[in-house]
Amino acid sequence: MTSAIALIIFSCSALLPNAAAIFWGDWGLFECCPDNTPAIGFKLKTERPQGRGDDTALNGISLKCRSDSWVSSSVGPWGNYGNEFICPANTFLTSCQLRVEGRQGRGDDTAANNLNCKCSNGQILYGDGTHWGGWMAWSDECPTGICGLKTRVEGRQGNGDDTALNDVLFRCC
């Protein structure tokens, strides 16, 4: 059984839905690049496979702003940030795609696992997250660029099955 995570882009006037979400966790706040400028890259906070332990996979997404600052919404507590993926000079992020593992029933749930993004020149930046699940469709394009995000993150479950990042919404500039 496959479930999807919503990859939705917010603009000032419309929601652009892309997929159904896994609804575990709580939404963080929208965080945007300074002066509503477009993001030029991203990096992922990922917990690497634990072997026989509980895997959470993708824990956070940070956008690199044109101003050289980074913005993130809610971030899970596990894992580390990986490589920075940056668009070529004078280009910016316009669309993204999540890799998602659906609900596993009695198995280990991870939810979101990886992210790819497109630059305004068409180049694809391939994230360094984990391998579980399948790639969702690309989000609708933001011709003026992606300038912010908010994420849905499930907190620690104690003795339960942890997932961390479950959903993301992007804001167009």
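Kindly sort ARG156, ARG48, ARG99 by accessible area of their heavy atoms, largest first, with the probe set to 1.4 Å.
Numbers: ARG156 160, ARG48 110, ARG99 55 Å².
Output order, biggest surface exposure first: ARG156, ARG48, ARG99.
Where a Cα-Cα gap under 17 Å defines reach, which aspartates and glutamates qualify for LYS43, not counting those fewer than 8 residues away within the same chain?
Cross-link targets: GLU31, ASP68, GLU84, ASP128, ASP167.
With all protein chains present, calculate the accessible area of CYS173 using a 1.4 Å probe and round the result to the nearest 10 Å².
Only protein atoms counted, so the area is about 40 Å².
Taking +1 at the Cβ of each Lys and Arg and -1 at the Cβ of each Asp and Glu, which of CYS117, LEU149, THR130 sits farthest along the dipole of segment 115-161 towards its positive end, judged by Cα position relative to the Cα centre?
Of CYS117, LEU149, THR130, it is LEU149.
Mind grabbing the accessible area of GLU31 for me, 1.4 Å probe, Å², rounded to tens?
70
Dipole magnitude of segment 24-173 about its Cα centre, charges +1 at Lys/Arg Cβ and -1 at Asp/Glu Cβ only, in debye to the nearest 20? Numbers along the way, then the final one.
Numbers: 14 positive and 18 negative charges, 40 e Å.
With Lys and Arg at +1 and Asp and Glu at -1, about 200 debye.
Using the crude model of +1 on Lys and Arg Cβ and -1 on Asp and Glu Cβ, and no other charge, please compute the dipole size for segment 28-84 relative to its Cα centre, in debye to 20. Walk me through the numbers before you get to the answer.
On the way: 6 positive and 7 negative charges, 27 e Å.
Rounded to the nearest 20 debye, it is 140 debye.
Once neighbouring chains are kept in place and the probe is 1.4 Å, which whole percent of the accessible area of segment 30-172 is contributed by carbon and sulfur?
Details: 2610 of 6020 Å².
After summing per-atom areas, the C and S share lands at 43 percent.
Just read off the accessible area of ILE86 with the full protein assembly in place, 1.4 Å probe, to the nearest 10 Å².
Only protein atoms counted, so the area is about 60 Å².
The values are calculated or read from the model by the stated rules, or taken from the named source; none is laboratory data. All values derive from a computational prediction rather than experimental measurement. Note that we place each Cβ from the backbone using ideal geometry, even for glycine, and neighbour counts take in every protein chain shown. What goes into the accessible areas is simple: the full protein's heavy atoms, side chains included, and nothing from ligands, DNA or RNA. Shrake-Rupley method; radii C 1.70, N 1.55, O 1.52, S 1.80 Å.
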